[in-house]
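Data first, discussion second: the structure below is written as C-alpha coordinates.
The values are calculated or read from the model by the stated rules, or taken from the named source; none is laboratory data. Predicted model only: the values in this text are computed from it and were never measured. Every residue, glycine as well, gets a Cβ built from its backbone with ideal geometry; the counts of neighbours run over all protein chains shown.
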Amino acid sequence: MVEKLTKRFNIGNQITEIPLLAEKIEELAERWNLVEQLTMSINLVVEEALSNIIFYGFSDSNKHRISLSFSLQYDLLTIRITDDGVAFDPTARHQPDISLPAADRPIGGLGIFLISKIMDTVQYARKNNRNTLILKKGICYEHKKR
(Lines give C-alpha, C1' and ligand atoms only; values in the text may rest on other atoms or scores of the structure.)
Protein backbone atom coordinates (compact mmCIF):
# COMPACT_ATOMS: atom_id res chain seq x y z
CA MET A 1 0.00 0.00 0.00
CA VAL A 2 1.29 3.45 -0.91
CA GLU A 3 1.54 5.96 1.92
CA LYS A 4 -0.72 8.99 1.67
CA LEU A 5 0.87 12.26 2.79
CA THR A 6 -1.53 14.93 4.03
CA LYS A 7 -1.08 18.45 5.37
CA ARG A 8 -3.84 20.81 6.47
CA PHE A 9 -3.86 24.59 6.81
CA ASN A 10 -6.45 27.09 7.99
CA ILE A 11 -6.39 30.74 7.06
CA GLY A 12 -8.65 33.71 7.66
CA ASN A 13 -10.45 35.51 4.87
CA GLN A 14 -7.74 38.18 4.66
CA ILE A 15 -5.67 38.66 1.50
CA THR A 16 -2.57 39.18 3.66
CA GLU A 17 -2.70 35.48 4.61
CA ILE A 18 -1.91 34.30 1.06
CA PRO A 19 1.85 35.09 1.07
CA LEU A 20 2.20 33.37 4.45
CA LEU A 21 0.45 30.30 3.07
CA ALA A 22 2.69 30.39 -0.02
CA GLU A 23 5.73 30.01 2.23
CA LYS A 24 4.14 27.01 3.94
CA ILE A 25 3.33 25.44 0.56
CA GLU A 26 6.96 25.90 -0.51
CA GLU A 27 8.14 24.18 2.68
CA LEU A 28 5.67 21.36 2.10
CA ALA A 29 6.76 20.93 -1.52
CA GLU A 30 10.39 20.76 -0.39
CA ARG A 31 9.49 18.05 2.14
CA TRP A 32 7.53 16.14 -0.52
CA ASN A 33 10.42 16.53 -2.96
CA LEU A 34 8.44 18.41 -5.65
CA VAL A 35 10.26 20.45 -8.29
CA GLU A 36 10.21 24.24 -8.19
CA GLN A 37 8.10 24.66 -11.35
CA LEU A 38 5.31 22.51 -9.92
CA THR A 39 5.53 24.34 -6.61
CA MET A 40 5.16 27.69 -8.38
CA SER A 41 2.13 26.36 -10.29
CA ILE A 42 0.53 25.09 -7.09
CA ASN A 43 1.07 28.44 -5.39
CA LEU A 44 -0.43 30.26 -8.37
CA VAL A 45 -3.50 28.03 -8.39
CA VAL A 46 -4.03 28.38 -4.65
CA GLU A 47 -3.54 32.17 -4.82
CA GLU A 48 -6.11 32.48 -7.61
CA ALA A 49 -8.66 30.31 -5.82
CA LEU A 50 -8.18 32.04 -2.46
CA SER A 51 -8.28 35.53 -3.97
CA ASN A 52 -11.65 34.74 -5.53
CA ILE A 53 -12.96 33.36 -2.24
CA ILE A 54 -11.67 36.28 -0.17
CA PHE A 55 -12.76 39.06 -2.55
CA TYR A 56 -16.11 37.66 -3.69
CA GLY A 57 -17.15 34.85 -1.38
CA PHE A 58 -18.40 36.66 1.71
CA SER A 59 -21.37 38.98 1.95
CA ASP A 60 -20.32 40.34 5.35
CA SER A 61 -17.19 41.77 6.95
CA ASN A 62 -16.97 39.03 9.59
CA LYS A 63 -13.98 36.78 10.03
CA HIS A 64 -14.27 33.47 8.23
CA ARG A 65 -12.02 30.44 8.13
CA ILE A 66 -10.86 28.86 4.89
CA SER A 67 -9.56 25.30 5.21
CA LEU A 68 -7.04 23.76 2.85
CA SER A 69 -5.75 20.23 2.68
CA PHE A 70 -2.95 18.97 0.49
CA SER A 71 -2.66 15.24 -0.12
CA LEU A 72 -0.06 13.35 -2.09
CA GLN A 73 -0.60 9.68 -2.76
CA TYR A 74 1.80 8.01 -5.15
CA ASP A 75 1.30 10.09 -8.31
CA LEU A 76 -1.69 12.26 -7.44
CA LEU A 77 -1.68 15.62 -5.68
CA THR A 78 -5.08 16.70 -4.35
CA ILE A 79 -5.83 20.16 -3.00
CA ARG A 80 -9.13 20.65 -1.19
CA ILE A 81 -10.27 24.20 -0.33
CA THR A 82 -13.36 24.62 1.85
CA ASP A 83 -15.12 27.83 2.90
CA ASP A 84 -18.46 29.01 4.24
CA GLY A 85 -18.92 31.78 1.68
CA VAL A 86 -21.74 32.26 -0.78
CA ALA A 87 -22.31 29.38 -3.17
CA PHE A 88 -20.14 29.65 -6.27
CA ASP A 89 -19.36 26.87 -8.70
CA PRO A 90 -16.30 27.85 -10.73
CA THR A 91 -16.72 24.78 -12.93
CA ALA A 92 -20.03 26.15 -14.22
CA ARG A 93 -18.46 29.31 -15.66
CA HIS A 94 -17.86 29.65 -19.37
CA GLN A 95 -14.22 29.74 -20.39
CA PRO A 96 -13.10 33.27 -21.40
CA ASP A 97 -12.27 33.91 -25.05
CA ILE A 98 -8.54 34.47 -24.72
CA SER A 99 -8.24 35.07 -28.45
CA LEU A 100 -9.82 38.51 -27.95
CA PRO A 101 -7.57 41.47 -27.20
CA ALA A 102 -7.39 42.19 -23.46
CA ALA A 103 -9.37 45.42 -23.85
CA ASP A 104 -12.27 43.54 -25.47
CA ARG A 105 -12.54 40.75 -22.91
CA PRO A 106 -15.12 40.90 -20.12
CA ILE A 107 -13.62 41.35 -16.66
CA GLY A 108 -13.20 38.21 -14.60
CA GLY A 109 -12.81 34.53 -15.25
CA LEU A 110 -9.11 34.42 -16.08
CA GLY A 111 -8.11 33.05 -12.67
CA ILE A 112 -10.56 30.17 -12.98
CA PHE A 113 -9.37 29.59 -16.56
CA LEU A 114 -5.77 29.48 -15.34
CA ILE A 115 -6.65 26.99 -12.59
CA SER A 116 -8.37 24.73 -15.13
CA LYS A 117 -5.33 24.82 -17.41
CA ILE A 118 -2.79 24.02 -14.69
CA MET A 119 -4.72 21.33 -12.82
CA ASP A 120 -5.85 18.05 -14.37
CA THR A 121 -9.28 18.11 -12.73
CA VAL A 122 -11.32 20.81 -11.00
CA GLN A 123 -14.41 19.74 -9.04
CA TYR A 124 -16.87 21.69 -6.93
CA ALA A 125 -19.39 20.63 -4.30
CA ARG A 126 -21.73 22.53 -1.99
CA LYS A 127 -22.73 20.73 1.20
CA ASN A 128 -23.94 22.01 4.59
CA ASN A 129 -23.58 25.64 3.43
CA ARG A 130 -19.92 25.10 2.57
CA ASN A 131 -18.12 25.31 -0.75
CA THR A 132 -15.50 22.68 -1.51
CA LEU A 133 -13.14 23.08 -4.43
CA ILE A 134 -11.14 19.94 -5.25
CA LEU A 135 -8.10 20.34 -7.48
CA LYS A 136 -6.09 17.37 -8.71
CA LYS A 137 -2.77 17.15 -10.49
CA GLY A 138 -1.03 14.02 -11.65
CA ILE A 139 2.57 13.93 -10.50
CA CYS A 140 5.01 12.26 -12.84
CA TYR A 141 8.69 11.64 -12.30
CA GLU A 142 9.61 15.00 -13.83
CA HIS A 143 7.61 16.74 -11.09
CA LYS A 144 9.88 15.25 -8.45
CA LYS A 145 13.45 16.11 -7.65
CA ARG A 146 15.97 13.46 -8.49
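Scanning the stretch 45-95 for residues being at pLDDT 90 or above, of a type in the set (A, V, I, L, M) and over 21 Å from residue 12 (Cβ atoms) gives a total of 3.
Whenever a residue of the stretch 44-68 is within 11 Å of residue 84 (Cα to Cα) and in contact (Cβ under 8 Å) with a residue 40 or more places away in the chain, its partners that are of a type in the set (Phe, Trp, Tyr) and in a strand (DSSP E or B), lying with C-beta atoms within less than 8 angstrom and at least six residues away or across chains, give the pairs 67/9. Could you tell me whether any residue of the stretch 17-40 is within 19 Å of residue 90 (Cα to Cα) and either β-branched (Val, Ile, Thr) or surrounded by 15 or more Cβ atoms within 10 Å (Cβ to Cβ) (or both)? Taking every residue of the stretch 17-40 in turn, none turns out to be within 19 Å of residue 90 (Cα to Cα) and either β-branched (Val, Ile, Thr) or surrounded by 15 or more Cβ atoms within 10 Å (Cβ to Cβ) (or both). Looking only at the stretch 41-64, which residues are in a loop (DSSP other than H, G, I, E, B) and buried (at least 18 other Cβ atoms within 10 Å of the Cβ)? Within the stretch 41-64, just 57 meets the criteria.
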